[in-house]
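First the structure, in the form of structure tokens, and then the observations on it.
The values are calculated or read from the model by the stated rules, or taken from the named source; none is laboratory data. Keep in mind that this is a model prediction, so the values were computed, not measured. Here the Cβ positions follow ideal geometry from the backbone for every residue, glycine too, while neighbour counts run over all protein chains shown. Heads up: the accessible areas ignore ligands, DNA and RNA and are worked out on the full protein's heavy atoms, side chains in. Shrake-Rupley method; radii C 1.70, N 1.55, O 1.52, S 1.80 Å.
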Amino acid sequence: MGKTLSDYHEEYQELYNQYDSIVKKQLSISMDSIRAKKYWQEILPSADLSVLADVLANALYLPVMKY
């Protein structure tokens with residue numbers, strides 16, 4: 001049996017949460033640039049760019065809306 005839409009949603013959400021966590025840590029300065037660079041170097045070659053694009057678009061848009 002193939003993957004269901006629910007399976008894809010769960011996979012997307014797991015990746016979204018993983019990427020979002022790192023971006024939020026960087027923006028709040030709770031992760032230094034050296035650790036962030038190491039993480040991104042490890043994850044980017046196999047990262048799902050559509051999920052990462054969603055995370056970055058939201059992360060960079062939300063702070064602007066606070067002003």
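Of the accessible area of the chain, with the probe set at 1.4 angstrom, what percent is carbon plus sulfur?
Details: 3270 of 5420 Å².
Carbon and sulfur together cover 60 percent of it.
Between helix 33-43 and the chain there is an angle of about 20 degrees, using the helix long axis and the longest principal axis of the Cα atoms. The number of Lys pairs in segment 1-58 with C-alpha atoms less than 21 Å apart, excluding pairs fewer than 8 positions apart on the same chain, is 4.
Taking trypsin sites (Lys or Arg not before Pro) as candidate sites, keep only those in a DSSP loop with at most 12 other Cβ atoms within 10 Å, then name the longest stretch of the chain containing none of them. Don't skip to the answer; put the middle values down first.
Values: sites that count: LYS3, LYS66.
Between exposed loop sites, the widest span is 4-65.
The angle between the Cα long axis of helix 49-65 and the main principal axis of the chain comes to about 40°, on a 0 to 90 degree scale.
Relative to the longest principal axis of the Cα atoms of the chain, the long axis of helix 5-27 lies at roughly 10 degrees.
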